[in-house]
1. Projected area of the chain, taken from the Cα convex hull and averaged over every viewing direction, in nm²?
2. I want to check the label-to-label distance for K19 and N45. Put each point 7 Å from Cα in the C-beta direction and report it in nm to one decimal.
3. With every protein chain kept in place and ligands, DNA and RNA left out, what is the accessible area per residue of the chain? Probe 1.4 Å, answer in Å².
4. Could you work out how far the C-alpha centroid of the range 9-25 sits from that of the range 56-75, in angstrom?
5. Given a Förster distance of 30 angstrom, what is the FRET efficiency for T69 paired with N8, based on the Cβ-Cβ distance and rounded to 0.05?
6. For the chain, what number of Lys pairs, 8 or more residues apart or on separate chains, have alpha-carbon atoms under 28 Å from each other?
7. Once neighbouring chains are kept in place and the probe is 1.4 Å, which whole percent of the accessible area of the chain is contributed by carbon and sulfur?
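The values are calculated or read from the model by the stated rules, or taken from the named source; none is laboratory data. Predicted, not measured: the structure shown is a model, and the values here were computed from it. Cβ atoms come from the backbone with ideal geometry, glycine included; neighbour counts cover every protein chain shown. The area values use the complete protein model at the heavy-atom level, side chains included, leaving out ligands, DNA and RNA. Shrake-Rupley method; radii C 1.70, N 1.55, O 1.52, S 1.80 Å.
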Amino acid sequence: HEIDYHDNGKGIEDSELEKIFERFYRIDTDRSKTGSGLGLSIVRNAVLFHKGSIKAYRVSPTGLGFHFTLKDLKS
């Protein structure tokens, strides 16, 4: 199964696309005064646990997208 999601928010730099999945990583402290930086790490671990993959990408002109796959549980 493949799922693709994107928004039209501020976006992030290419250099940060892989880092956003690290535990406690926050793009910059001014953007989010709350939160621990665990959300995307938890999502990535859940996707990997189910033998899937996840990737973040930039959406032009602004925004951030996520594409992830999950294995069919019946196979």
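1. Details: hull surface 21.1 nm².
With the hull built on Cα positions only, its mean projection is 5.3 nm².
2. Each label point lies 7 Å from its Cα, and together they span 2.1 nm.
3. Working: 5710 Å² over 75 residues.
Spelled out: the 1.4 Å probe surface of the chain, per residue, equals 76 Å².
4. The range 9-25 and the range 56-75 have Cα centres spaced 14 Å from each other.
5. Values: r = 23 Å, r/R0 = 0.78.
So the FRET efficiency works out to roughly 0.80.
6. 12
7. Numbers: 3200 of 5710 Å².
With neighbouring chains kept in place, the figure for the chain is 56 percent.
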